[in-house]
Amino acid sequence: MRVVKDVVCPFCGCLCDDLELEIEGREVKAVRNACAVGEAKFLHYGKHERTRPMIRKNGELVEVSLDEAIRKAAEILAEAKYPVLFGWSSTSCEAVRVGLQLAEEVGAIIDHCSSVCHGPSVLAIQEVGLAGFTLGQSRHRFDLIIYWGSNPLDSHFRHFERYSTFSEGRFRPSISRRSITQFLSTLAERRIKRVTRRLLIKEREEGFYFGARRAPSGPFKERDRKLIVVDVRRTRAAKMADFFLQVKPNTDYEIIQALRMLIRDMELDVDEVAGIPVEVLEELADILVNAKVGVLYFGVGLTMSKGKHRNIEAAISLVRDLNARAKFHILPMRGHYNVTGADVVITWTTGYPYAVDLTQGYPRYNPGETSTIDVLLRDDCDAFLCIASDPVAHFPRRAVENMLKHPLIAIDPVVSATTLVADVVIPSAFSGIEVGGTAYRMDHVPITLKKVFEPPEGYLPDEEILKRILAEVRRIKGKAAEALVPAGA
Amino acid sequence: MATITLTPKYSFTVPVYAPCISPDSFAGKTLKEIGELEVWEGNRRKKLKQLFDIKGKTADTPEEITIKLSGNLWKVRRIGEEMTAGKILIDGDAGLHLGVKMRGGTITVKGNADSWLGSQMRGGTIEVMGNAKDYVGGAYRGSGVGMRGGTIIVHGNAGYDVGEWMRGGFIKIMGNVGAYTGVHMQGGTILVQGDSEGRIGALMKGGKIVLMGKIDSILPSFTIQDLKKRTKVEGEAVEGPFYVFIGDLTEDGSGKLFISKKSNPHLSFYERLI
Amino acid sequence: MAVLLIKNGYVYDPINGVDGERMDIAVKDGKIVEDVDEREARVIDASGMVVMPGGVDIHAHIAGAEVNAGRLLRPEDHVKDVEPRTAITRAGVGYSIPSTFTTGYRYTRMGYTTVMNPSMPPLEARHTHEELSDTPIIDKASYPLLGDSWFVLEFLSKDMIEECAAFVAWMMWATRGYAIKIVNPGGLETWGFGGNVRDLNDEVPHFGITPREIVRGLCKVNKLLNLPHTIHVHTNNLGVPGNCETTLKTLMCVEDLAEDGERAIHITHCQFSAFLGDDWATMESGAPLIARYMNRHSHATIDMGQVIFTDTTTMTADGPFQYGLHLLSGNKWINHDVETETSSGIVPFRYRRTSRVHATQWCIAQELALLIEDPWKIYLTTDHPNGGPFTSYPRIVSWLMSVKAREEELKRMNRRAVKRSVLPTIDREYSLYEIAVITRAGPARALGLENKGHLGVGADADIAVYPLNPEEVDPSRDYKLVRRAFSRAAYTIKSGEIVAKDGEIVKAPDGKTYWVDVKVPEDLWEAVKSEIAEVWEDYYTVRFSNYPLTDHYLKISSPITRQARM
Ligand code: SF4
Ligand SMILES: [Zn+2]
């Protein structure tokens, strides 16, 4: 048995890097520090059905050699007039870098999951900006935490513990006992108890300060950290909140705009906004302006509610306005573990974060036109490569129908709805488990993924597969160019 | 007057980018030269003549040129980009970015138009007989500059974000509109004869929006100012009465919403505040 | 490797005292050599052209978290300036914040071959280096932001200079950094709570230390570690009227730490720190004061931070300053606070000729360059992209070389600003030799890059050949020719290879990344390590073992080894 420490969890945007794995042979026996999701993923890692290299022949997927599958993929891409290379949010930045080269070479659209989850956040940032931070700030300084349309206890379980409500920080040495008791009563899970116990023990250990000349002063020591949850339903996090605002679906925009009015001390003409009495909003606005350092975490509940990027724009503006009164921040709760990395790499290479169209030899960007869903709904593309993603299971039906009209290449370590209907399947190694590389946490902190196992024979890293496809495409294109030159010239 | 007709040679399966289809780039060229103009079919560089049959007579100046397009043009984008004069007639549907940054002349579409119709336009007229999609007279990402002049008339419905970041000019939608009409508007006028899906005038700083049809609610960041019998749009009187709202106050805006009283009896509670 | 012979050019090589002499430069295996066999060599006919060492930029934000956030923020900046791919080059975009590949190509076209990326949040160093390795051709290095790191503040507040030095040495390795960058010392930590510091003697809340102590402490650390460059300082109160005083105090506070002739401090983009006045209405140039100080002292160097009248994107680690700029301009605003270390902010900005303040800023940078007598003390920068994109360097060169060029600009500028400036009375014009100093020799020397910035035997064969005949062209009159020549080098040679010809990229090899590998006494480091490791997890959200970079992140790693003076 071996123990690997400080393993990075490649499953959600929290990108926890403190996992400890007990490993026997090719199996993970125990996982420490992870949340239930992370733990399950590691424990079940060996039990997935892995893909094999396959090509669809006469309507049937048949197993072929890896080289043949790669060659076929390259042929499809080299021939395509408007291919889309999609996925990227669950693979390493190194792979995305090669993906960009491939996109340039074949003249393709490169797009990733932002397009279907936090793309609206990007559009909003491009209109108004973003008051961001890295998560340690949240832990050390913030005395007000808002989750809007995001349920961290379901989607980013350790966000609470590591970065926000239950975390400790330099200026936040004590945690709220009240919330903990409440927490314990609502959730009886063993894991949570363990986490909480640890936190309680830590709390007693004073002298936590690393040699500060004088003890920290200011209000941050005494004050409780407040938690506000805004959501359409009473989530588990909502039950623990100091203030829970239940909003009607698709009314976030009105509420945020009303709050913006209130924090500017302006009166509203109406008595209630989207069914919520103005007094309630006033109470909330009061909490907001009285915070010293606050944060608003938002999730797909806000980005996918009616108005999409306009909601985020309003939320960002709310936070921006609040900065006149207090220090305030905002951060999207990104889902896939490296969706931020895909954003980052594509941005430094092309200037734009997602939905980048390289078909005309230089980057163009216009979500709504060049974003995958829109391309599919307009039935524009004529080939689709999907890497480390399962659009067939998640895209709207009409988009999937259009996608399946044309050749579909899937690169994935495991069998998924997409690999089952693909025309070319290329097996890959699990990134973050069988290959290392870089990923970016939701707050843009880059972290190096750990390789815990050797990939099985024949399962290459995404980066390697893409390099081979790229080489093959260049060979095909080179030949085509040669063919154009008359013999003897 | 010279008329040039363009008909697609086959039905396009991938997007075609053809900003060269405009009286300005056709002017002073022979048909043969026009056929040599460059377009993109997906990731392939093509010549206009490879994609279209080109017929008709040419002229020296754009003013004299009328371009007639027929057939399925839904995949053809950026037609009439930056045109300054002349006419384009589209007998069917038109693809994305029709008449963007246009400065003069007219474009008429018999069918529907896709999104970003006349975005960032500065002059001229676009008339669409069918529906238009999102961002009519809108802006491009991050630019904060929408339509600045000219006229867009849509006989059918229009989608979201009509007149986004609009600074001047006139948009008339005879049917219904999606949400966020006039979002971030700074100037100019929008007249909607049908209903609005809501959030009209969000974040507007200036300009004027007139809504004849229904709307569920006005954003809380607007305040009622007046009840007016009629208002003027492009020099013509439009009969009301209208509730007049000012906003968007969260942006310190002084844009005006004229909302029909007749179509929106549920807004009558505002009257007590006037 | 190619053998090159650059024949008959007018050579400007200030480090070796060569001032426009016609001579040949021989290149072999990436280095300048005494001589090569002409029959083996590829001969470049440089007759009627200027030959200089490749340009060295001491301060340009070209890569990393904040630059990339700027790219993300500004699609509208990119659409107007695109670079289609070619058989040799990658595609890209960007006017004020070009994408990485484009950045490499554009510097190369201007004959620049070494660029220093001045603000790297240590926690996000991987990001910076990933981008730098996608920035082709040029050599580069980054300065980690250390002025507000909790560990630094705590060591310094307890006067533990040696311990602090050991920590900084480790940071240089962990982030593959090159020099100590200090931005608004103490202000960034305070910004974590929404505040700022206003004076060198203000106390940083919770830390019991002042900006003065930070600057002095790190200056001492810098010396102990024997780093090739000095501390690189962005002053407190940057961009605030009256900050000239802060800047002078900052310069003065390390006077005693410099031994004879040695340098102790570099004040970067000094223009932004040279304002007099009480508010914007009374703001005017403090350049004459700073120039007078600089002329009397030799422990400091500065760079210009010229502003260009254009639409650009401002980005600094100075979070509170950027927030102020957002309030002032009403433009969109990105803030990014980095735990335990630093902050940053981004605001798009347009400098207008008609604005009195902006015009004054333009004048300040020019005054600094023209009033400071010794060109070895001041270097050409725009603080790219803060004052304007680096692609405007050729214009700055032409202004410095020609009174007429300056007059042309001044004519179109805000009248009141011009009236109050001393600039119209200055008739100094830079010579090509002096231009070579402020654009390559000077920065290379200040950075301690021994093989850069000159054409002596053994130097890196980074060479720029500009299509400008100094015997025919009078830069004072024909400043437009100068501008054109410096925009498109006839040849750019990097590590002995021709990478650009007539402004076109002909080859795009990878460049090196420099970093400083300082050896500190083992036992000292062990003691410090156990101390920081103990509290690490309480300070950071990333584990101690996951924090340092591996060499995997550098395409060509080029460590400079130093022995600490301990
Ligand atoms: S919170 Fe996310 S990253 Fe952390 S252990 Fe759970 S799944 Fe993994
Ligand atoms: Zn700078």
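Note on segment B:13-125: Cα convex hull, mean projected area over all directions, 6.1 nm². Expressed per residue, the C-alpha convex hull volume of segment A:2-82 stands at 169 Å³. Here the spin labels are modelled as points 7 Å beyond Cα on the Cα-Cβ line, and at A:A40 and A:E454 they lie 3.2 nm apart.
Straight-line cross-link partners of C:K31 among the aspartates and glutamates, defined as a Cα under 13 Å from its Cα and at least 8 positions apart when in the same chain: C:E450, C:D460, C:D462, C:E497. The convex hull defined by the C-alpha atoms of segment C:456-556 has an orientation-averaged projected area of 12.2 nm². List, by residue number, every residue in segment A:236-258 with a reduction of 20 Å² or greater in accessible area between the chain on its own and the complete protein assembly, 1.4 Å probe. The answer is A:Y253, A:E254, A:Q257 - residues whose exposure falls by at least 20 Å² when every protein chain is included. Computed from the Cβ-Cβ distance with R0 of 35 Å, the FRET efficiency linking C:S557 to A:R26 stands at 0.55. Pairs spanning more than 23 Å between alpha-carbon atoms, out of B:K232/B:K261; C:K7/C:K28; C:K332/C:K555; A:K226/A:K292; B:K172/B:K229; B:K29/B:K55: C:K332/C:K555. Compute the separation of the alpha-carbon centres of segment C:225-250 and segment C:129-171 and state it in Å as a whole number. Value for the Cα centre distance between the two parts: 17 Å.
When the surface is traced with a 1.4 Å probe over the full set of protein chains, A:R225 keeps roughly 10 Å² accessible. Multiplying the residue separation of C:K519 and C:D199 by 0.36 nm and removing their Cα-Cα distance gives an extension gain of 111.7 nm. Here the Debye sum runs over all C-alpha atoms of chain A as equal scatterers in vacuum, and log10 of I(q)/I(0) at q = 0.09 Å⁻¹ comes out as -0.68. A probe of 1.4 angstrom, applied to the heavy atoms of all protein chains, finds A:E454 with accessible area near 120 square angstrom. Among the listed pairs A:K72/B:K75; A:K47/A:K405; A:K467/B:K46; B:K47/B:K68, those with a Cα-Cα distance over 22 Å are A:K72/B:K75; A:K47/A:K405; A:K467/B:K46.
Please work out the ratio of the alpha-carbon Rg of segment A:291-404 to 2.2 N^0.38 Å and round it to two decimals. Let's see the in-between values first.
On the way: Rg = 17.2 Å, N = 114, 2.2 N^0.38 = 13.3 Å.
Relative to the rule-of-thumb radius for its length, segment A:291-404 sits at 1.29.
Only helices enter the 222 nm calculation for chain A: every DSSP H run of n ≥ 4 contributes -39,500 (n - 2.57), and dividing by all residues gives -11000 deg cm²/dmol, rounded to 500. Solvent-accessible surface of the protein assembly as shown, taken per residue with a 1.4 Å probe and all protein chains present: 33 Å². Surface burial for A against C, with a 1.4 Å probe and both sides summed, reaches about 6000 Å² of accessible area. Taking a Cβ cut-off of under 15 Å around B:A179, the surrounding Lys, Arg, Asp and Glu residues balance to a net charge of -4, with basic ones at +1 and acidic ones at -1. Pairs of C-alpha atoms in segment C:19-65 farther apart than 15 Å represent 62 percent of all such pairs. Put A:R26, C:R406 in order of accessible area, highest first, and with a 1.4 Å probe you get A:R26, C:R406. Straight Cα distances below 12 angstrom link C:K419 to the aspartates and glutamates C:E284, with same-chain residues fewer than 8 positions distant left out. For segment A:1-47, the fraction of C-alpha pairs farther apart than 13 angstrom is 48 percent. Value of Rg to Rh for segment B:115-273, rounded to two decimals, is 0.94; Kirkwood radius and Rg both from alpha-carbon coordinates. Summed over all non-identical Cα pairs, the Kirkwood treatment of segment C:161-276 gives a radius of 14.6 Å.
Per-residue ellipticity at 222 nm computed for chain B from its helices equals -1000 deg cm²/dmol, with DSSP H segments shorter than 4 residues left out and the rest contributing -39,500 (n - 2.57).
Could you tell me which GluC sites (Glu not before Pro) in segment A:249-329 are loop residues by DSSP with no more than 12 other beta carbons within 10 angstrom of their beta carbon?
Numbers: sites: A:E254, A:E267, A:E272, A:E279, A:E282, A:E283, A:E313; in loops: A:E267.
Filter output for segment A:249-329: A:E267.
How large is the Rg to Rh ratio of segment A:232-353 when both quantities use alpha carbon positions and Rh follows Kirkwood? Here Rg/Rh amounts to 1.00.
Expressed in units of 2.2 N^0.38 Å, where N is the residue count, the Cα radius of gyration of segment C:55-399 is 0.92. Measure nothing fancy, just the Cα-based angle from helix A:278-290's long axis to the longest principal axis of chain A, in degrees from 0 to 90, nearest 10. It works out to around 90 degrees.
Taking N as the residue count of the protein assembly as shown, its C-alpha radius of gyration divided by 2.2 N^0.38 Å amounts to 0.93.
When only the Cβ of Lys, Arg, Asp and Glu is charged (+1, +1, -1, -1), the dipole of the protein assembly as shown relative to its Cα centre reaches about 2600 debye.
Compute the whole-percent fraction of alpha carbon pairs in chain B spaced more than 29 Å apart. Every Cα pair in chain B considered, those over 29 Å come to 35 percent. For C:R22, the solvent-accessible surface with a 1.4 Å probe is about 130 Å², rounded to the nearest 10. For the protein assembly as shown, give the share of DSSP beta bridges that are antiparallel, in percent and rounded to the nearest 5; count only bridges with both residues there. If we restrict to bridges inside the protein assembly as shown, about 45 percent are antiparallel. Per-residue accessible area (protein heavy atoms, 1.4 Å probe) orders B:R167, B:R77, B:R103 as B:R103, B:R167, B:R77, starting from the largest. With every protein chain in place and a 1.4 angstrom probe, the accessible-area ranking of A:D143, A:D390, largest first, reads A:D390, A:D143.
With the convex hull of its Cα atoms as the shape, segment A:56-172 has an orientation-averaged projected area of 11.8 nm². I need the P(r) histogram for segment C:182-221: all alpha carbon pairs, bin width 10 Å from 0 out to the longest distance, whole percents. The calculated distribution, bin by bin, is 35, 57, 8.
Derived from the Cα gyration tensor, the three semi-axes of the equivalent ellipsoid of segment C:41-177 are 34, 21, 12 Å, largest first.
Volume of the convex hull of segment A:354-436 (Cα atoms only), normalised per residue: 114 Å³. Among beta bridges identified by DSSP and lying wholly in segment C:55-399, the antiparallel ones come to about 40 percent.
The values are calculated or read from the model by the stated rules, or taken from the named source; none is laboratory data. Because the structure is predicted, anything quoted here is derived from the model rather than measured. Counting neighbours? That spans all protein chains shown, and the Cβs are built from the backbone with ideal geometry, glycine included. Just so you know, the surface numbers come from the protein's heavy atoms only, side chains and all, with ligands and any DNA or RNA stripped out. Shrake-Rupley method; radii C 1.70, N 1.55, O 1.52, S 1.80 Å.
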